[in-house]
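Everything on this sheet refers to the single structure shown next.
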Amino acid sequence: MEYPTDAAEKMRLWLQTDLRTAMKQRRQQDVATLRCLIAALDNAGAVRVEPAQRDYRRTEGQSQYVATGSGDGPTEVPRKSLSDADVDHLLREEYEARRNAADQLESVGKPAELLRSEAALVARYIRPCA
């Protein structure tokens, strides 16, 4: 088995392991939060690909435009490599977003236990400051 060297891959492996455990234990709230964190990591590692130049023309007898030209298919590019600091920053943003939302809910008299427990789950993955 090859172990990941990228910080995002290490975190993704940890999150996916915990996700499987949460799924087996039917902890729906944890499952949703862990999936959200995995998606945030995936989005952070995504590389923007410029859309291919397409030649659009109106075809005779049709009311729509069709793409003619190359580049209409999927494009494969390597993901960005994220450092430990990048992953930690992303997790802190996820934590702060949940905590701030909970504070706002409580300020208008609404319950925020769900958001507080999500923030506590996210906090488990944040490295302590050195």
Checklist entry - Under a point-charge model restricted to the Cβ atoms of Lys and Arg (+1) and Asp and Glu (-1), what is the dipole moment magnitude of region 88-130 relative to its Cα centre, in debye to the nearest 20? => result 100 debye
Next on the checklist: Can you find, among V47, T33, T21, the residue sitting farthest towards the positive end of the charge dipole of region 8-47, where Lys and Arg contribute +1 and Asp and Glu -1 at Cβ?
Outcome noted: T21
Item to check | 11 Å beta-carbon shell around G45, net charge (K/R +1, D/E -1) | outcome: -1
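Rule-based calculations on the coordinates, nothing more; no lab input. Remember, it's a predicted structure, so these values are computed and weren't measured experimentally. A quick note on method: Cβ atoms are made from the backbone with ideal geometry, for glycine too, and the neighbour counts reach across all protein chains shown.
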